[in-house]
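Novice: Please find one structure pasted underneath; my questions will follow.
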Amino acid sequence: MNLRFAALGLAAALLVSACSGGGTVGGNVGPNPILPVAPTPVPANPLGKYIKHVVLIVQENRSFDNLFANFPGTKPISGGRTSTGGFCKLHPITFAGGDIDHSYATAIANWDHGKMDGFDLNHHGTTGTGAPLGCYAYSYVAHDLIQPYWQMASQYALAARMFPGEFGPSYTAHQYLIAGTAAINASESQVDVPTGLPWGCDAPAGTHVPLLHSNGAYQQLGGPFPCLAYQTLADSLDAKKVSWHFYAPPIEAPGPGFQVGGDIWSAYSAIRHIRYSKYWTQDVVSPQSRVLTDIANGKLARMTWVIPDIQDSDHPLGDSDTGPAWVASVVNAVGESKFWDSTAIIIVWDDWGGWYDHVPPPHRDYLGLGIRVPAIVVSPYAKKGYISRTVYEFGSILKFAEDAFGLARIGGQSTDARANSMDDMFNFTQKPRAFTPIAVKYKPSYFIERPPSMIPPDNQ
């Protein structure tokens, strides 16, 4: 792979007028109203009676339409409108082709107050410069490359209304997957990405994260160092002595003082009381391929996050078709283990990556929801071939885990309390289904034996 880290300072290039408290970008205006969240009904059977393990597999940078456009049972689409009133037909692509800018500003332009017609304005890379890509983002990954995903969605359950908690890229998305928020208080949230690598408490001195204020103002300068103290699902798990593991790839960050193997690409690296505690060495596990050998050896924590190497992440910069086989290998490992009958596997993509999606996200607050991504539930209790149209957000995943493990809501700015749980994708009255292995192009040994790339699965 010939990969290069793009320069940071994403929003500065795109939002010149919105620096340091000036300007409004997006906000909760437009044709999509703020939607009330209906209380989630208490399931007829407590989740914890059936689900003892939750495995969250996180992939990178794909919208729902980019992977599941025209999946059987979904509304057929042929393409989408552009910013000039034109029309782009959906066309097939491979996993290669170069990254698309997917900063906060790009998300807002793509969304365009719910019209979902700004994807033709997207640029390659992370700087938002160069000629717009036109119809490039109006595409789907060729179906022969993603058969494991379609097979899992057909056999189990597919969420057709999953949205990240916030507009923007991977850094905040991963914070929502551990904490249900990236906010630092009731009126300010982290947005976009830190200005230095690696993300988190190990970032170079002087690194900061841009802020978005509740009045819509984007603040490029003066935000916090990315080493914060809000509560996470790990804190709730630890309080109840429920085991957890976060499998993550080792990375080499550029700059003085960083050594090969010295860093790990983990959302928990931005949580001070996790990064500098026994839990960092006890529960953050690297390389990520150890999840396969741990399960084979009869070890699986009650709550598990699985983060890929960039080569297996579905990220366009990975220039690789191994992602579906990586995910399927983890699913197969669980399915063929003693843990199958008590496990819910949730597969989600962290952000839309700049790819077209036609469904406007509903508004929950000034931060989002963000542009729709796919999510698949694999479990012996998952409804077969079910397509859920319940509105989910990343807080829904946390809420499901909390209910399964009998945990209280995280509190603070976390979205877990307001989110709809994902329990409607399950049928606990049915007998646990036997597992049928997912066909894969690459065997588990490929991922176990291959050296790590040492490249972050995303740097935007």
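The values are calculated or read from the model by the stated rules, or taken from the named source; none is laboratory data. Since we're looking at a predicted model, the values are computed, not measured. All Cβ positions, glycine included, derive from the backbone under ideal geometry; neighbour counts span all protein chains shown. Please note that ligands, DNA and RNA were not included when accessible areas were found on the heavy atoms of the full protein model with its side chains. Shrake-Rupley method; radii C 1.70, N 1.55, O 1.52, S 1.80 Å.
Novice: Give me the accessible area per residue for the range 142-213, probe 1.4 Å, as a whole number in Å².
Specialist: Each residue of the range 142-213 exposes 21 Å² on average to a 1.4 Å probe.
Novice: Follow-up. Please work out the average accessible area per residue across the range 217-328, using the 1.4 Å probe convention, and give it in Å². List each step's numbers first, then the result.
Specialist: Numbers: 3920 Å² over 112 residues.
With all protein chains present, the range 217-328 gives 35 Å² per residue.
Novice: Next question, about the same structure. Any idea what % of Cα-Cα pairs in the range 171-306 are farther than 27 Å?
Specialist: Tail of P(r) above 27 Å: 23 percent of Cα pairs.
Novice: Hey, any idea what % of the chain's accessible area is carbon plus sulfur with a 1.4 Å probe? Let's see the in-between values first.
Specialist: On the way: 8810 of 15860 Å².
The nonpolar share, carbon plus sulfur, comes to 56 percent.
Novice: Tell me the per residue accessible area of the range 379-460 using a 1.4 Å probe; a whole number in Å² is fine. Don't skip to the end; give the middle numbers.
Specialist: Working: 3340 Å² over 82 residues.
Counting only protein heavy atoms, the per-residue value for the range 379-460 is 41 Å².
Novice: Multiply the residue separation of His143 and Lys89 by 0.36 nm, subtract the distance between their alpha-carbon atoms, and state the gained length in nm to one decimal.
Specialist: 17.8 nm
Novice: Each residue of the range 421-432 in turn: what ³J(HN,Hα) in whole Hz from Karplus with 6.51, -1.76, 1.60 and θ = phi - 60°, glycine and Pro shown as x?
Specialist: Per-residue couplings from phi come out as 6, 8, 6, 6, 8, 10, 10, 8, 8, 8, 5, x Hz.
Novice: Could you please report the charge total around Phe71, scoring K, R as +1 and D, E as -1 over all other residues with beta-carbon less than 14 angstrom from its beta-carbon?
Specialist: Surrounding charge for Phe71 is +3.
Novice: Eigenvalues of the Cα gyration tensor times 5, then square-rooted: what semi-axes does that give for the chain, in whole angstrom, largest first?
Specialist: Details: eigenvalues 176, 126, 106 Å².
Semi-axes (√(5λ), whole Å): 30, 25, 23.
Novice: Given the range 264-411, report the % of alpha carbon pairs whose separation exceeds 25 Å.
Specialist: Result: 38 percent of Cα pairs exceed 25 Å.
Novice: I want to make sure I understand the PRE zone here: with the label point 7 angstrom from the Cα of Asn185 toward its beta carbon, which residues in the range 397-438 have backbone N atoms less than 17 Å away?
Specialist: 412-414
Novice: Hey, can you rank 236-247, 51-62 by average C-beta count inside 10 Å, highest first? Walk me through the numbers before you get to the answer.
Specialist: Numbers: 236-247: 18.3, 51-62: 24.2.
Ranking the peptides 236-247, 51-62 by packing returns 51-62, 236-247.
Novice: How charged is the neighbourhood of Leu233? Take every other residue with its Cβ under 9 Å from the Cβ of Leu233, and add Lys/Arg as +1 and Asp/Glu as -1.
Specialist: Combined, the nearby Lys, Arg, Asp and Glu give -3.
Novice: A follow-up question, please. Rounded to whole Hz and in sequence order, give me ³J(HN,Hα) for the range 329-337 from the Karplus expression 6.51 cos²θ - 1.76 cosθ + 1.60, θ = phi - 60°, writing x for Gly and Pro.
Specialist: 5, 5, 4, 4, 4, 5, x, 9, 10
Novice: Which of the lysines could a cross-linker bridge to Lys431, judged by Cα under 19 Å and excluding same-chain residues fewer than eight apart?
Specialist: Filter leaves Lys49, Lys52, Lys338, Lys383, Lys384.
Novice: Please give the peptides 316-327, 201-212, 266-277 ranked by average Cβ packing (other Cβ atoms within 10 Å per residue), highest first, as a rough proxy for protection. The partial results should precede the final answer.
Specialist: On the way: 316-327: 23.9, 201-212: 19.8, 266-277: 22.3.
Put in order of decreasing packing, that is 316-327, 266-277, 201-212.
Novice: Can you tell me the length gained on complete extension of the stretch Gln430 to Arg290, counting 0.36 nm per residue apart and subtracting the Cα distance?
Specialist: Roughly 47.2 nm would be gained on extension.
Novice: Still on this structure, please answer the following. Arrange the residues Thr293, Thr415 by how much accessible surface each exposes, largest first, with a 1.4 angstrom probe.
Specialist: Thr293, Thr415
Novice: What list of ³J(HN,Hα) couplings, whole Hz, do you get for the range 151-160 from phi and the Karplus terms 6.51, -1.76, 1.60, once you set θ to phi - 60° and write x for glycine and proline?
Specialist: Those phi angles translate into 5, 5, 5, 6, 7, 10, 9, 10, 8, 9 Hz.
Novice: Determine the sum of side-chain charges near Asp263: Lys and Arg each +1, Asp and Glu each -1, restricted to other residues whose C-beta is under 10 angstrom from that of Asp263.
Specialist: Charge balance near Asp263 sits at -2.
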